[in-house]
Amino acid sequence: FDLKPFGAGFANDLISLGDSGPLLCSDTTSDQIFAISLVGSTEKPVSIIGKGQFGGANGLAISGSVPDRKLIIAGFPINDLEASTGKVWSCALDETPTLGAPEELPFPAGLWDGCAVHDGMIIVSDWVTGSLQWTKGGSMPVGLAEDLKGPADFCVLQDGTGILVPEMQANKVTRIDF
């Protein structure tokens, strides 16, 4: 799926909306979120569902299910890294998929990269502080790990006991237990 005709310059995170649902893809430089149809024949398999609202759409995660499903978006202002003004957003995401208006989550400004949802927690990685932080139910963020060297996209372990996070600047993968 060629995203260049849509202005993509740094296609980043992918998230599946299920076996028959589309794949969502963020593009950080163009600040867009694409829906890519993977099943059936479609004349236009790629559509833009979000643009210019996230300060560099980067990490993606899903919270909940339809009709209460939300797309979590980590903002990474790649065109102005020194400012470190990225935010973390939540948008309603219906079955079509259409995004609702972005709502800012209570994380401080940063260079937010990866994000995940686990047990009601929204977890994000920040390049500025070298940390993983989480919030639940709109509460103030809490540090989960610090002193990471370039924390990027990460995954929650399938058994739910922790997280694996690549430290890009240290060339290693670190396990963080819940």
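For Leu14 and Val128, the difference between the fully extended length at 0.36 nm per residue and the C-alpha to C-alpha distance is 38.8 nm. Computing Kirkwood radius over Cα pairs in Å for the structure here picks out one of (1) 19.4; (2) 23.0; (3) 16.4, namely (3). Can you work out the PRE-style zone for Val66? Point 7 Å along Cα to Cβ, and I want the residues of the stretch 20-41 with backbone N under 12 Å. Label zone hits: 20-22.
Put simply, the amide H of Phe107, placed in the peptide plane, has neighbours under 5 Å in Val88, leaving out anything fewer than 5 places away on its chain. Using the Karplus relation 6.51 cos²θ - 1.76 cosθ + 1.60 with θ = phi - 60°, the per-residue 3J(HN,Hα) values for the stretch 14-25 come to 10, 8, 8, 9, x, 4, 10, x, x, 9, 9, 9 Hz, with x marking Gly and Pro. Under a Cβ-Cβ cut-off of 14 Å, what is the net charge of the residues other than Asn79 that fall near it, where Lys and Arg count +1 and Asp and Glu count -1? Counting the neighbours of Asn79, the net charge comes to -4. Computed with a 1.4 Å probe over protein heavy atoms only, the accessible surface of the chain comes to 50 Å² per residue. Beyond a 20 Å Cα-Cα separation, which of these cross-linked pairs lie in this structure: Lys70/Lys136; Lys70/Lys172; Lys149/Lys172; Lys87/Lys136; Lys51/Lys87? Table pairs above 20 Å Cα-Cα are Lys70/Lys172. A cut-off under 12 angstrom between Cβ atoms defines the neighbours of Ala116, and their net charge, with Lys, Arg +1 and Asp, Glu -1, is -4. When the residues Phe6, Phe178, Phe76, Phe54 are ordered by accessible surface, computed with a 1.4 Å probe over the protein chains alone, the sequence from largest down reads Phe178, Phe6, Phe76, Phe54.
Cβ-Cβ distance of Ser47 and Asn171, R₀ of 30 Å, FRET efficiency by 1/(1 + (r/R0)^6): the value works out to about 0.20. With a cut-off of 11 Å between beta carbons, the residues surrounding Ser37 carry a summed charge of 0, where Lys and Arg count +1 and Asp and Glu -1.
The values are calculated or read from the model by the stated rules, or taken from the named source; none is laboratory data. The structure presented is a predicted model; accordingly, all values stated were derived computationally and were not measured. For neighbour counting, all protein chains shown are included, and Cβ atoms are generated from backbone atoms with ideal geometry for every residue, glycine included. Side chains included, ligands, DNA and RNA excluded: accessible areas come from the protein's heavy atoms. Shrake-Rupley method; radii C 1.70, N 1.55, O 1.52, S 1.80 Å.
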